[in-house]
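Structure, as structure tokens:
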Amino acid sequence: MIGFQSFAQDSTIVTLNRVLVTTSVRADKKTPVTQKTIGDTTLQSGYQGQEIPVLLSSLPSMSSNSDGGHGQGYTYLSLRGAGQARINMTLNGVPMNEPEDHGVYSSNFPSFINAIQSVQIQRGVGTSSNGTAAFIGSISFQSKSGFKKGTEVQLGGGSYNTVRFNVSTSTGLSKKNLALFVNVGGVTTEGFRYHSGSRGGSLFISGGYYGSKRVTKLTLFSGISKNYMAWDGVEESELAKDYKSNPRGNDNPDMFTQTHVQLQNINIFSNKSKLTSTLFFNYLNGHYDVYSMKDVNLIGYYAKENQNSNWVGYITQYNHIFKKFKLSLGLSANTYTRNHSGVEFYNSTTSATYKNSGNKNELSGFAKISYDRENVTYYLDLQQRFVEFKYHGDVPLNKQSWSFFNPKIGFKVFVDEKTSYYCTAGISHREPTRSVMFSGGLYLTTLNKVKPEKVIDYEVGVNYNGPRLTLQSNVFLMDFNDEIIPVGPSGANSLPTMINVNESIRAGFEVDLEYKISDKFSYSMNATLSHNTYGDKNLHPLFSPSRIFNQSIGYSANNLSVSLSQTAYSKSFIDLSNKNATPSYTVFYFNASYDYKNCNISFQANNLLNSKYYCNGYMSGNSKYLYPNALFNYYFTLRIKL
């Protein structure tokens, strides 16, 4: 669990950072939404090279799992029990979710966190964003801009022969208002499960002109990754024999490259008015092999899938502050094409090739208005999204079009300088992905006629910020219509067939607190109690634990910081009949950090009790398959500031 620290900055840098953040899609302190914002120092306090889902998994209502059982490679994030395809992710307000499948693959760009200045997580529908629907929540990353001059070298390693490096440098803001930030990093690991290792590297560059009337900024990140396959679970009887078993141990590794570029211009007309325009481009290319399937009827099947995509878009946003009103108008348009090709082998003598492409276009706009009256802020947020999908392949498919209106409304009351409470309600819609419409297949055979899903989200919460205690607590009710849920594995890429259910509910209570016991000791915890059901029989949805609990106690004095953390999850069901589940589990962690002159050495030990536990699985026939997580493991990082 990551700690919390603060630091002072030059007033000019603070102003510039505020300008950059307010041109994104974030909520400010007056917006009535359930959110948490974390800065660079906090992120780095728990960072040992793990992927984004693993790093953020100790935050309220979040959980993660990985194919290989360790912190690198293919990792997945859930929020309030829903997968990351339902979480809108942006970088500087630019969408990151691939439009075709709504996924974000952080393994494609290792060391991404080292380029991040701050991150805001909104739970629930939240505020309108750019890109795919913020259906269960959103994560907004703000990149570093090079304002703070210096160079840092990171050298790290640990269990499973993990080795990583990172070098970042910032020029600082020059007299000509220029700044540049560059980050280069890489990691290699053999992984916890057999043949589940990965290796990859990335480059991140952000630089520009930061004037009083205009900001022009270019941001680029590019990464390459090679991951060995571990995306199948292991039958319980086999796990009892060998906990590190991997049925895909003979698969060839995949290989993916991804490049993202954004050019942003901010015209600052006054301290109350500014216009932001952003052009972005995203390119992805790679391949993966499939040998055996979760569906027992396809054992022996082999396929080689090649993919490449191009994504181009434009975003503009106008912000104006009146005497008591704040107005934000946004418009986003983008077009995306992904090409698929490959070959399938059904036995030693039968094969077939395929080639198809999907094109997805989106146009969306929003208007956000807030009004301050005495100690109350009233908030209205209206968004309209137009989405269309076109498929070009052997089987014809008519253009699929959707139009969504997503309103949000709420208010926030400031009782005093320390205490506030809020109430909000919002609606969001989400279209089915390509894999849902194709029943998990690599190409279209028969269209799975799944309807878009809709959620009405109600949130009521209270915030308290005192000298020793910081508290955020809320209740939520998310009422779904036609929620898209999995019914079983059958696709050629191990993606499940999905269907709509008429009614489903996710409701619960969340609390997040930090308490400064003394000058040296601190305590933090967050917890979620939820009730999640679907259908007439009030069954529980898959992968949705009803209880999540995280806590940490820390000690900091002189140059030493140590903490002991615990995370606990209740069972989560892995079949729709609720007869099978992953067992509940508790895991302990230890973190230590020591500063000496311009160096910092940090150490992290995970799963202190060497427990066997599982946070993902599925049923195939009458057999339960689970994904084993790493036993006791450790990592360390040496940071040197030059």
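Within the chain, the proportion of C-alpha pairs whose separation exceeds 51 Å stands at 5%.
Its Cα centre serving as origin, the range 467-587 has a Cβ charge dipole (Lys and Arg +1, Asp and Glu -1) of approximately 480 debye. Packing here is the average count of other Cβ atoms within 10 Å per residue, and on that basis the peptides 164-175, 543-554, highest first, run 543-554, 164-175. Loop-only check: which trypsin sites (Lys or Arg not before Pro) in the range 427-508 are DSSP coil with at most 12 other Cβ within 10 angstrom? Loop-located and lightly packed - K449, R468.
Two decimals is fine: what is log10 I(q)/I(0) at q = 0.13, 0.19, 0.20, 0.26 Å⁻¹ for the range 397-450, from a Debye sum with one equal scatterer on every Cα and no solvent? Taking Cα atoms of the range 397-450 as identical point scatterers yields -0.56, -0.76, -0.80, -1.01.
Semi-axis lengths, largest first, of the ellipsoid equivalent to the range 454-583 are 37, 19, 11 Å, with √(5λ) applied to each eigenvalue of the Cα gyration tensor.
Our summary of shape: the Cα atoms of the range 150-260 have principal axis extents of 66, 25, 20 Å, ordered from largest down, in whole angstrom. Only the Cβ atoms of Lys and Arg (+1) and of Asp and Glu (-1) were treated as charged; on that basis the dipole of the chain about its Cα centre amounts to roughly 2020 debye. Mean separation of Cα pairs under 8 Å and 6 or more residues apart, divided by the residue count, gives the chain a relative contact order of 11 percent.
Once you wrap a convex hull around the alpha carbon atoms of the range 76-174, what is its projected area averaged over all directions, in nm²? Please list the in-between numbers first.
On the way: hull surface 32.3 nm².
Orientation-averaged projected area of the Cα hull: 8.1 nm².
The sum of -39500 (n - 2.57) across all DSSP H runs of n ≥ 4, divided by the residue count of the chain, sets its helix-only mean residue ellipticity at 222 nm to -1000 deg cm²/dmol. Peptides 262-272, 74-84 ranked from most to least packed give 74-84, 262-272, packing being the mean of other C-beta atoms within 10 angstrom over each peptide's residues. Ranking S61, T162, V462 by how far each Cα lies toward the positive end of the dipole of the chain (charges on Cβ) leaves V462 at the top.
For the cross-link pairs K390/K451; K148/K326; K326/K418; K274/K368; K29/K520, which exceed 19 Å when the distance is taken from alpha carbon to alpha carbon? From the list (K390/K451; K148/K326; K326/K418; K274/K368; K29/K520), the Cα-Cα distance tops 19 Å for K148/K326; K326/K418; K29/K520. Measure up K360/K571; K30/K571; K516/K571; K144/K304; K175/K272 against 27 Å on the Cα-Cα distance and list the ones that go over. Cα-Cα > 27 Å for K360/K571; K30/K571; K516/K571; K144/K304; rest within.
Using a cutoff of 8 angstrom between alpha carbon atoms and counting only pairs six or more residues apart, the relative contact order for the range 486-642 works out to 15 percent. The slack in the chain from T445 to D28, taken as 0.36 nm per residue of separation less the alpha-carbon distance, amounts to 145.4 nm.
Any idea what diffusion coefficient the range 301-427 gets from Stokes-Einstein, in µm²/s, Kirkwood Rh on alpha carbon pairs, 4 °C, 1.567 mPa s?
It diffuses with D of about 69 µm²/s by this estimate.
Entry for the range 404-501 at q = 0.14, 0.16, 0.23, 0.25 Å⁻¹: log10 I(q)/I(0) = -0.68, -0.75, -1.08, -1.17, Debye formula applied to identical alpha-carbon scatterers, no solvent contribution.
P(r) tail for the range 525-642: Cα pairs beyond 20 Å make up 57% of the total. Karplus-based coupling profile of the range 88-94, in residue order and whole Hz: 6, 10, 9, 10, 6, x, 9, with θ = phi - 60° in 6.51 cos²θ - 1.76 cosθ + 1.60 and x standing for Gly or Pro. Here the range 205-328 is treated with +1 on each Lys and Arg Cβ and -1 on each Asp and Glu Cβ, and its dipole about the Cα centre works out to around 1640 debye.
Dimensions of the range 61-118 based on its C-alpha atoms, expressed as ranges along the principal axes with the largest first, amount to 30, 24, 24 Å. What the Cα convex hull of the range 433-473 gives, in volume per residue, is 108 Å³. The relative contact order of the range 411-506 comes to 27 percent, based on Cα pairs under 8 Å that sit 6 or more residues apart. The calculated FRET efficiency for the pair D289 and S237, based on their C-beta separation and a Förster distance of 35 Å, comes to about 0.85. For the peptides 195-204, 126-135, 88-97, residues were scored by their other Cβ atoms within 10 Å and the scores averaged per peptide; the highest-first order is 126-135, 88-97, 195-204.
Excluding the site residues themselves, the longest part of the chain lacking any GluC sites (Glu not before Pro) in a DSSP loop with at most 13 other Cβ atoms within 10 Å is 1-373. Residues whose amide H comes within less than 5 Å of that of K144, counting only those at least five positions distant or on another chain, are I116, Q117 (H built at 1.01 Å from N in the peptide plane).
Taking the Kirkwood radius as Rh and the Cα radius of gyration as Rg, the range 374-421 has a ratio of Rg/Rh equal to 1.44.
Positive-end ranking of F509, I574, V587 along the dipole of the range 492-599, with charges on Cβ about the Cα centre, is headed by V587.
Values quoted throughout were computed directly from the atomic coordinates according to the rules given, and no laboratory measurement underlies them. Keep in mind that this is a model prediction, so the values were computed, not measured. Positions of Cβ are backbone-derived with ideal geometry, glycine not excepted, and every protein chain shown enters the neighbour counts.
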